[in-house]
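Rule-based calculations on the coordinates, nothing more; no lab input. Owing to the predicted nature of the structure, the values given are computational and were not obtained by experimental measurement. Counting neighbours? That spans all protein chains shown, and the Cβs are built from the backbone with ideal geometry, glycine included.
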Amino acid sequence: MAQAYSPGLKCTDNLVLRKERILPLKGNVKVKKGDIVKSQDIVAETLLPGKVVPFNLANKLGVTPNMVHKFLKVKAGDKITKKQMIAQTNGFLGMFKTSIRSPIEGEIENISKITGQMLLREPRIPVQVKAFIDGMVVEVIEEEGVIIENKSAYIQGIFGIGGERFSTLKTLVSTPEEEVSVDDIDESCKDKVIVCGSLVSLAAIKKAQKMNVTGIITGGIDDRDLKELLGYNIGVAITGHEEIGLTIVVTEGFGKIKMAKKTYDLLKEHEGERVSIHGFTQIRAGVMRPEIIIPKEFKESELKAEKETMSTLEIGTTIRVIREPNFGIIGKVTGLPEQLTKVESETLVRILEAELENGKKVIIPRANVEIIED
């Protein structure tokens, strides 16, 4: 068999990247095709409807629903302020009037003559979509958003938490197997994305939060530390929306795992440069991976994003083992036998032959590896 398909993660120094930046509702696009944007630039914005607050006006006035309209001081669609008078009865001989004031700031959504209910809506919520990456606007989707392309050094992680952030890279370890210490994280890390080697402990994360670190890139993380940090087990949920003050991207897996040399070298090479990261992770249908994006200079003629293709296993393909006893170790495929082979579980499976970066030659079920895409 010449090749086989397998899940893969990208790690490359040169990729034409294409990102859609879309609003949740129709709104206003603030840039045009051909514009050069920075990661923090706002490219589109809209207003989300505020929360609806039911208000039983007939009950408050002490009248029947069909009489409410006689005492209104506002109408549907009006903007209102908190404690503004919205209705008032005539009283008796100009006295003993009942005045009703708005409990919120917002607007009048609807007034029902049948139920006597008034629907109030809290102020609209502004939503702004930022570019997230430095690049060029190659397409504008009217009232919805834009598509941005750039050239980047690009790394996909295994797992992450926290949303989109951008800053500059700072490496705190001298080798990919080194574990960052709490003392390494100081004032110099403020507003930086720090590279932490094989493991970041809970104590180191809390120190990073205290120092206002923007993001953490680490080979591994302890799942018990993660649970204590968040206060709950992640399970199979989509991550990336956690409010923890920073973003964490895990490149290898859970536990103390040496960061892949290629990943570490790429991050070290670009130390001090701008970087965009996010922790969005989904491992089921519609797979999403956390990303590390380091923009590079480019010419417009170079912006032509390649079509996504399925990763293939071939002789010479770089892989990562994702099962024990060689979990997390990088290697290269040296053989792809066609015949089924019986493994320890007595199951007949397709296997591959590989030489790991530690020099060890192994035979591994193909399901136990993932491709590291160049």
Sparse-neighbourhood loop sites, chymotrypsin sites (Phe, Trp or Tyr not before Pro) in region 94-183 - DSSP loop, at most 11 other Cβ within 10 angstrom:
F96
Overall form of region 115-241 per C-alpha gyration tensor (a/c, 1.5; a/b vs b/c):
oblate
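Evaluate E = 1/(1 + (r/R0)^6) for N212 and T64, where r is the Cβ-Cβ distance and R0 equals 56 Å; express this FRET efficiency to the nearest 0.05.
For R0 = 56 Å, the calculated efficiency reads 0.45.
Give the shape of region 159-227 as rounded, prolate or oblate, defined through the alpha-carbon gyration tensor: a ≥ b ≥ c are the square roots of its eigenvalues, a/c under 1.5 means rounded, and otherwise the shape is prolate if a/b is larger than b/c and oblate if not.
Here region 159-227 falls in the rounded category.
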Taking only the alpha carbons of region 52-121, the radius of gyration and the largest Cα-Cα distance, Dmax, both in angstrom, are 11.3, 36
Within 10 Å, count the other beta carbons around each residue, average over each peptide in 332-339, 292-299, and list them highest first.
292-299, 332-339
log10 I(q)/I(0) for the chain, Debye formula on C-alpha points only (no solvent), q = 0.13, 0.14 Å⁻¹, two decimals, reads -1.05, -1.16
Please enumerate, by chain and number, the aspartates and glutamates with C-alpha under 14 Å from the C-alpha of K73, excluding those fewer than 8 residues away in the same chain.
E107
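Dividing the alpha-carbon radius of gyration of region 178-264 by 2.2 N^0.38 Å (N being the number of residues), what value is obtained?
It is 1.02.
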First check a/c for region 29-71, with a ≥ b ≥ c the square roots of the eigenvalues of its C-alpha gyration tensor; if it is under 1.5, answer rounded, and if not, answer prolate when a/b is larger than b/c or oblate otherwise.
prolate
For each of H270, H278, count neighbouring Cβ atoms within 10 Å of the residue's Cβ, then give the residues from fewest to most.
H270, H278
For the pair I114 and K82, the simple spin-label estimate (label points 7 Å beyond Cα toward Cβ) gives in nm 3.3 nm
Within the set T318, T168, T81, GNM on the chain using Cα springs under 10 Å gives the largest fluctuation to T81
Residue separation between V53 and E122 times 0.36 nm, minus their alpha-carbon distance, gives in nm 24.1 nm
Helix-only [θ] at 222 nm, the chain, -39500 (n - 2.57) per DSSP H run of 4+, per residue, nearest 500, equals -2000 deg cm²/dmol
In region 131-170, the GluC sites (Glu not before Pro) that fall in loop regions by DSSP, at most 11 other Cβ within 10 Å
E142
Please build a GNM for the chain, connecting alpha carbons under 10 Å apart, and tell me which residue among R124, R101, R289 fluctuates the most.
R101
